[in-house]
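Let me begin by presenting the structure, written as structure tokens, before commenting on it.
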Amino acid sequence: MKKKVLILTLGALCASQLWNSDNASAIVTGEKNPYTSKALLEMGQKNKNISLDQYKDSLESVMNFGAVDGDYGYDQPEYKEAIDTYQKKIFAEIDAINKFLAEEKKIERYNKKSLSIPINILGLTQQRYSAIYQGIKESQNELKYKIENIEERHSDLKKFDWEREREVRDELNELENKILMLGQAFPKKTEARLDLYNKLDMIVGFSEEEREKRHPKNERLLKERIEDLETIIDEFFDEINENRPTDIPALSDNEENNKVRAKKLREDTKEAKKIYIKKK
């Protein structure tokens, strides 16, 4: 079973978790960020009709909306350069936010002490907010453009169209039901069954939301998913010290049919063992 490489993006790590950090990009990557936000060049004034929390909520929303998620296949090597650049540019915007939020705290302290606020301490002004927002959108659009080019060059990374998507869901559903039939056919193999079900959940997801998120979106991910599912079938038969038969029926919603299929599967498994022994 292949392990996913974690892409640490704002989909995996909420933007607000990095706010108020001295250097968000350094915390995540361990390196100095070559990019800086254009907002650092802005001054401007506060918009009295918009609160600081509203600015923060707006920026967090736009970041999370365009977040890249490894489960969609963006952990593939072809995307690495594009994803790395995107991350660094987004972290540059977060670093700018942190600087302005630090100024906001200074402003608050000055106000509490009834002191004059230095002219170089402005906090998150409307102009700075707009520059950050625009920087985030530009980085997202740039990434989208790069991803489209990558998928044009690598057809197995191209997203499924509607018709192919439907075929894939049917194909995977049948394969998953074959795995579930193993548990039905060998109820006394308690430990092996539990191990099988755990592996299945780890591959496809535990909740409906997680299953949908992990669903393969292109041919490469589909191939990996099928390989993973076929592997746990092989491992199940190894674990119960049996040989895998040629055909494994799928579990259906008809209980009587399932009993017949389960019996046939046990018989075919015994036959597969006999054939293996004869060949030896």
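The values are calculated or read from the model by the stated rules, or taken from the named source; none is laboratory data. What you see is a predicted model; the values in this text were computed from it and never measured. Reconstructed Cβ throughout: ideal geometry from the backbone, glycine too, with neighbour counts over all protein chains shown.
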**Prompt:** Condition test on I248, is it touching a residue at least 40 places away in the same chain (Cβ under 8 Å) and of a type in the set (V, I, T)?
**Reply:** yes
**Prompt:** Just for the range 22-43: of the residues that are under 23 Å from the mean Cα position of the chain (by Cα) and polar (S, T, N, Q), which one is modelled with the highest pLDDT?
**Reply:** T29
**Fill in**
Across (1) more than 25 Å from the chain's Cα centre (by Cα); (2) surrounded by 14 or more Cβ atoms within 10 Å (Cβ to Cβ); (3) not in a loop (DSSP other than H, G, I, E, B), R109 clears everything bar (2)
**Request:** Kindly check whether there is at least one residue in the range 161-168 that is on the phi < 0 side of the Ramachandran plot, buried (at least 16 other Cβ atoms within 10 Å of the Cβ) and not assigned by the TED database to the domain that holds A82.
**Result:** yes
**Request:** Please work out if A102 is more than 22 Å from the chain's Cα centre (by Cα), hydrophobic (A, V, I, L, M, F, W, C), part of a helix (DSSP H, G or I) and surrounded by fewer than 17 Cβ atoms within 10 Å (Cβ to Cβ).
**Result:** yes
**Item:** Pair list, Cβ under 7 Å, 6 or more apart: the range 262-280 residue in the same structural domain as R244 (by the TED database), other residue surrounded by fewer than 14 Cβ atoms within 10 Å (Cβ to Cβ) and modelled with pLDDT of 95 or more
**Value:** D268/D247
**Fill in**
Reported set for the range 205-234 where residues are over 22 Å from D161 (Cβ atoms) and either surrounded by 15 or more Cβ atoms within 10 Å (Cβ to Cβ) or among the hydrophobic types (A, V, I, L, M, F, W, C) (or both) is G205, F206, D228, L229, I232, I233
**Prompt:** Out of curiosity, is A82 in a helix (DSSP H, G or I), of a type outside the set (D, E) and farther than 15 Å from L143 by Cα?
**Reply:** no
**Request:** Exactly one condition in (1) of a type in the set (D, E); (2) in a helix (DSSP H, G or I); (3) under 27 Å from V168 (Cα atoms); (4) without any contact (Cβ under 8 Å) to a residue 12 or more places away in the chain is not met by D253; state its number.
**Result:** (2)
**Test set (1) surrounded by 15 or more Cβ atoms within 10 Å (Cβ to Cβ); (2) over 27 Å from P216 (Cα atoms) - D75 fails condition number** = (2)
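Yes or no, residue by residue, for (1) at pLDDT 60 or above; (2) under 20 Å from D95 (Cβ atoms); (3) touching a Lys or Arg at 6+ places or on another chain (Cβ under 7 Å); (4) assigned to a helix (DSSP H, G or I):
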{"site": "K2", "(1), (2), (3), (4)": "no, no, no, no"}
{"site": "L8", "(1), (2), (3), (4)": "no, yes, no, no"}
{"site": "N20", "(1), (2), (3), (4)": "no, yes, no, no"}
{"site": "Q45", "(1), (2), (3), (4)": "yes, no, no, no"}
{"site": "M63", "(1), (2), (3), (4)": "yes, yes, no, yes"}
**Asked** Are any residues in the range 82-133 hydroxyl-bearing (S, T, Y) and farther than 15 Å from E42 by Cβ, and if so, which ones?
**Response** T85, Y86, Y110, S114, S116
